[in-house]
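A.B. asks: Take this structure, written in structure tokens, and hold onto it; I'll ask about it next.
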Protein chains: 2
Amino acid sequence: MLRSCVSRLRMLAVLGGPPGVAPLPAKDPWSPRVNPGAGRRERAAKPGCVSGDPRSFSSEVIHMDLSLPNPSWSEDMRLLFDQFMKKSEDGSWKHLPSYKSKFTQRTEDIKIYFPDAKLMKEKLSQAQLFPRSFEEGLGFEYAMFHNCVEDRTVCIFQGGPYLQGVPGFLHGGAIATMIDATLGMCAIVAIGFAMTASLNISFKRPIPLGSVVVINSQVDKVEGRKLFLSCNIRSVDEKTVYSEATSLFVKLDPKTRLT
Amino acid sequence: MLRSCVSRLRMLAVLGGPPGVAPLPAKDPWSPRVNPGAGRRERAAKPGCVSGDPRSFSSEVIHMDLSLPNPSWSEDMRLLFDQFMKKSEDGSWKHLPSYKSKFTQRTEDIKIYFPDAKLMKEKLSQAQLFPRSFEEGLGFEYAMFHNCVEDRTVCIFQGGPYLQGVPGFLHGGAIATMIDATLGMCAIVAIGFAMTASLNISFKRPIPLGSVVVINSQVDKVEGRKLFLSCNIRSVDEKTVYSEATSLFVKLDPKTRLT
């Protein structure tokens, strides 16, 4: 199980990443270069990027892992990140990089899902991954870690001031976004390229702007192309449950067009 | 029913707006000045703004209605907007302005929910309404209209390139955000200041980036402080159903702290 999980994670890195997560460089994402665990964000070395590949859609692609600590992260966020990086040293957990970058999938890969690749190229010229489309510290600051043995993904998340709903608290849509992103990552590692089919969220307490929370997601059941998952959002000390959610993800069939 | 609905809408304008919707100028939101229905965004005249009020948190507040047409709106979006503005002429529908602005509620109003108003002031100095926190055309472009007789709110929505999930399509979290914002507005008009307690979304088809969709929401049932609502997202020609959702909103009790 662990071996097949790691294999899927490596495949994701080559194919360009899951829904909700921008494409990874076509290289082992666990290498110290991409995932240094240091207190700053780093650009992947050019030889590993898709940017120089004539088959990619954009030549401006910069692979900057945005799941690494930056000056906007609070003390709680940094401590949690360091704890999970420590847990990752023995291989039981894996840090999952993520990127804001423009669309970088190779044309032949994307043609599987979008036969009109030219049209897609035009549409995607400005596109950015939604949870990574804010400037540093203003929106979604987060990092994810996956445990292949337990089939679960943890997201540590700090919500910035541009995510406001009721004054002083996160918008329900911002909470739903991080839940969908975390469950999506958990699903994709389990079954490959998949999309959300249903999402059921119970908002138990409002989450204050700027606070750090932990999203724990897990695979509950697999039925063919269907994957049932659940998650909860807790405070750093685990005493407060902010939200709970269940979801159904469906593995995409390469023979089926999305439009 | 119609009369009480209009009364609630006017009250909202005075108190600062619902969750998910920034505060309105303390003036009739249906006046031609705030809601001109013209093809450009306008600033509300200063005399109607809270900015000159020493009791407000910020003196930099600009009340710019972001639910009016701008150059990023597609032809479909403009046509729909004009259709609903036309329907609003006889009073059966009402256009609901919305704002990005910094937190502007008066201290005495916000003390009802946040006893430590000083702390809230610090937290909220940078805060922006989540669905309005993107630059023009890049994120959520939308306008809402409410029908008091039928207790329903319609949102016309065009999703920009920064809302991407699966390449070429809206992120599930972006769809959830607009659903929550629309249902929230429908709830607040019905029962006053309320928050999402649960949200159940069925994603039936992916929504292409840049396309225009229509979110139809309605009140299904009221039980004391609980409000049950539902909505669907359809294409402009109404032939394609992209998503369906149900939700529970709970009216906030002014005697209860949120934290």
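The values are calculated or read from the model by the stated rules, or taken from the named source; none is laboratory data. From a predicted model like this one, the values you see are computed outputs, not experimental measurements. Heads up, the Cβs are rebuilt from the backbone with ideal geometry, glycines too, and the neighbour counts pull from every protein chain shown. Note: areas computed on protein heavy atoms with side chains; ligands, DNA, RNA excluded. Shrake-Rupley method; radii C 1.70, N 1.55, O 1.52, S 1.80 Å.
A.B. asks: So, in the range A:130-177, of the ones that are facing another protein chain (nearest Cβ under 7 Å) and either within 17 Å of residue A:80 (Cα to Cα) or of a type in the set (S, T, N, Q) (or both), which residue ends up surrounded by the fewest Cβ atoms within 10 Å (Cβ to Cβ)?
C.D. replies: Ranking the qualifying residues of the range A:130-177, first place goes to A:133.
A.B. asks: Sticking with this structure for a sec: When you check residue A:210 against the structure, is it surrounded by fewer than 18 Cβ atoms within 10 Å (Cβ to Cβ) and at pLDDT below 95, yes or no? Even if it seems obvious, please write down each step before you answer.
C.D. replies: Numbers: surrounded by fewer than 18 Cβ atoms within 10 Å (Cβ to Cβ): no; at pLDDT below 95: yes.
Taking the combined requirement at face value, the residue does not satisfy it.
A.B. asks: Let me ask you something else. May I ask you to verify whether residue A:199 is touching a Gly at 6+ places or on another chain (Cβ under 8 Å) and closer than 17 Å to residue B:175 by Cα?
C.D. replies: Working: touching a Gly at 6+ places or on another chain (Cβ under 8 Å): yes; closer than 17 Å to residue B:175 by Cα: yes.
Yes: the conditions hold for residue A:199.
A.B. asks: While we're on this one: Considering only the range A:207-231, how many residues are within 14 Å of chain B (Cβ to nearest Cβ) and among the basic types (Lys, Arg)?
C.D. replies: Number of matching residues: 1.
A.B. asks: Moving on to the next point. If I ask for residues that are part of a helix (DSSP H, G or I) and open to solvent by 80 Å² or more (accessible area, probe 1.4 Å), which ones from the range B:59-99 would you list?
C.D. replies: We begin by selecting, within the range B:59-99, every residue part of a helix (DSSP H, G or I); these are B:75-90.
Correct list: B:75, B:79, B:82, B:83, B:86, B:87, B:89, B:90.
A.B. asks: Can you run down the residue pairs with Cβ atoms below 8 Å, 6 or more apart or on separate chains, where the first is in the range A:191-212 and under 17 Å from residue A:239 (Cα atoms) and in contact (Cβ under 8 Å) with a residue 60 or more places away in the chain and the partner is open to solvent by 10 Å² or more (accessible area, probe 1.4 Å) and of a type in the set (A, V, I, L, M, F, W, C)?
C.D. replies: A:212/A:80; A:212/A:236
A.B. asks: Can you tell me how many residues in the range A:178-190 are of a type in the set (Val, Ile, Thr) and either modelled with pLDDT under 95 or open to solvent by 10 Å² or more (accessible area, probe 1.4 Å) (or both)? Break it down stepwise before answering.
C.D. replies: First, the residues of the range A:178-190 that are of a type in the set (Val, Ile, Thr): A:179, A:182, A:188-189.
Keeping just the survivors that are either modelled with pLDDT under 95 or open to solvent by 10 Å² or more (accessible area, probe 1.4 Å) (or both) gives A:188-189.
So the answer is 2.
A.B. asks: Does residue B:205 meet the test of being open to solvent by 20 Å² or more (accessible area, probe 1.4 Å) and part of a strand (DSSP E or B)? Give the derivation first.
C.D. replies: Numbers: open to solvent by 20 Å² or more (accessible area, probe 1.4 Å): yes; part of a strand (DSSP E or B): no.
Here the answer is no, as residue B:205 does not meet what is asked.
A.B. asks: Now, a different point. With the structure loaded, tell me whether residue B:193 is modelled with pLDDT under 90, at the interface with chain A (Cβ under 9 Å from one of its Cβ atoms) and farther than 18 Å from residue A:159 by Cα or whether it fails that test. Before you say what the answer is, go through the steps one by one.
C.D. replies: Values: modelled with pLDDT under 90: yes; at the interface with chain A (Cβ under 9 Å from one of its Cβ atoms): yes; farther than 18 Å from residue A:159 by Cα: yes.
In short, yes.
A.B. asks: Against the condition within 11 Å of another protein chain (Cβ to nearest Cβ), within 21 Å of residue A:79 (Cβ to Cβ) and open to solvent by 10 Å² or more (accessible area, probe 1.4 Å), how does residue A:198 come out, does it pass?
C.D. replies: No: the conditions fail for residue A:198.
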